[in-house]
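K.L.:
I have a structure here, written as C-alpha cells, and I will follow up with some questions on it.
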Amino acid sequence: MAAAFTDTGWQGDVLDASGLVMVDFWADWCGPCHMLAPTVEEIADEMGNKIKVGKLNVDENQATAAKYQVMSIPTVMIFKDGEVVEKLIGVQPKQAYVDAINRHA
C-alpha cells in the first residue's frame with residue numbers, strides 16, 4: 001500500500017530515505033489522479049521491496065508541491081537518495097513508471 005507523505009514528514013520519509021522513493025503528487029478533485037491511483041497501488045504492492053511508494057496531496061501539503069514546482073497533477077517523481085532523478089507528468093501507462101523505476105534501481 002502506498003504511504004501518505006506530508007510536508008512535515010517529507011524530510012524523513014523522502015529526502016533522508018536511502019534508495020528509491022516514488023511520489024505521486026495528487027489532489028482529491030483531480031479526475032486523472034483517481035485514474036492513476038490503482039496503478040500507484042499496484043506498483044507499491046508489486047515493487048515494494050525495490051522502491052518506497054507514496055502519495056502527497058498537493059492541497060494539504062502546498063509547501064512541498066511548491067518546492068518541486070508541481071504545476072499540473074498527477075505528477076510522479078522518482079527520488080534516489082533524496083534527489084529527483086525522474087519526473088512523469090500526467091497519467092502514463094503502468095509500464096512507463098516501472099521502466100522509470102528500473103532505470104534507477
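The values are calculated or read from the model by the stated rules, or taken from the named source; none is laboratory data. Treat the numbers as computed from the prediction; the structure is a model and nothing was measured. All Cβ positions, glycine included, derive from the backbone under ideal geometry; neighbour counts span all protein chains shown.
K.L.:
Hey, can you tell me all the residues within region 35-92 that are within 23 Å of ARG103 (Cα to Cα), without any contact (Cβ under 8 Å) to a residue 24 or more places away in the chain and among the small types (Gly, Ala, Ser)?
P.N.:
Once the filter is applied, which keeps residues that are within 23 Å of ARG103 (Cα to Cα), without any contact (Cβ under 8 Å) to a residue 24 or more places away in the chain and among the small types (Gly, Ala, Ser), region 35-92 yields ALA37, GLY48.
K.L.:
Considering only region 31-46, I want to know if a residue exists there that is of a type in the set (Val, Ile, Thr), modelled with pLDDT of 95 or more and touching a helix residue (DSSP H, G or I) at 6+ places or on another chain (Cβ under 7 Å).
P.N.:
From region 31-46, those of a type in the set (Val, Ile, Thr) are 39-40, 43; that's our starting set.
Those still in the list that are modelled with pLDDT of 95 or more too: 39-40, 43.
Narrowing further to those that are touching a helix residue (DSSP H, G or I) at 6+ places or on another chain (Cβ under 7 Å): 39, 43.
Taking every residue of region 31-46 in turn, at least one turns out to be of a type in the set (Val, Ile, Thr), modelled with pLDDT of 95 or more and touching a helix residue (DSSP H, G or I) at 6+ places or on another chain (Cβ under 7 Å).
K.L.:
Shifting gears a bit: For region 88-105, indicate whether the set of residues that are under 17 Å from MET1 (Cα atoms), in a loop (DSSP other than H, G, I, E, B) and modelled with pLDDT under 95 is non-empty.
P.N.:
no
K.L.:
If you check ALA4, ALA17, ALA66, ALA37, which single one turns out to be surrounded by fewer than 19 Cβ atoms within 10 Å (Cβ to Cβ) and part of a strand (DSSP E or B)?
P.N.:
Details: ALA17 fails: part of a strand (DSSP E or B); ALA66 fails: part of a strand (DSSP E or B); ALA37 fails: part of a strand (DSSP E or B).
Going through ALA4, ALA17, ALA66, ALA37 in turn, just one is surrounded by fewer than 19 Cβ atoms within 10 Å (Cβ to Cβ) and part of a strand (DSSP E or B): ALA4.
K.L.:
Which members of region 20-34 meet the condition of being surrounded by 15 or more Cβ atoms within 10 Å (Cβ to Cβ) and in contact with an Asp or Glu (Cβ under 8 Å, 6 or more places away or on another chain)?
P.N.:
Of region 20-34, the ones surrounded by 15 or more Cβ atoms within 10 Å (Cβ to Cβ) are 20-27, 30, 33.
Passing the criteria: VAL21, ALA27, CYS33.
K.L.:
Sticking with this structure for a sec: Filter region 1-45 for residues that are over 13 Å from LYS80 (Cα atoms) and β-branched (Val, Ile, Thr); which is nearest to the chain's Cα centre (by Cα)? Can you show your working first?
P.N.:
In the first step, residues of region 1-45 are kept if they are over 13 Å from LYS80 (Cα atoms); the result is 1-12, 24-45.
Subsequent filtering for residues that are β-branched (Val, Ile, Thr) retains 6, 8, 39-40, 43.
On the way: THR6: 12, THR8: 16, THR39: 11, VAL40: 8, ILE43: 11 Å.
If we take residues in region 1-45 being over 13 Å from LYS80 (Cα atoms) and β-branched (Val, Ile, Thr), then VAL40 is nearest to the chain's Cα centre (by Cα).
K.L.:
Here's a follow-up. Are any of the residues in region 47-70 under 19 Å from MET1 (Cα atoms) and of a type in the set (Ser, Thr, Tyr)?
P.N.:
No.
K.L.:
Only one of (1) surrounded by fewer than 21 Cβ atoms within 10 Å (Cβ to Cβ); (2) of a type outside the set (Gly, Ala, Ser); (3) not in a loop (DSSP other than H, G, I, E, B) is not met by LEU56, so which one is it?
P.N.:
Here LEU56 clears every test but (1).
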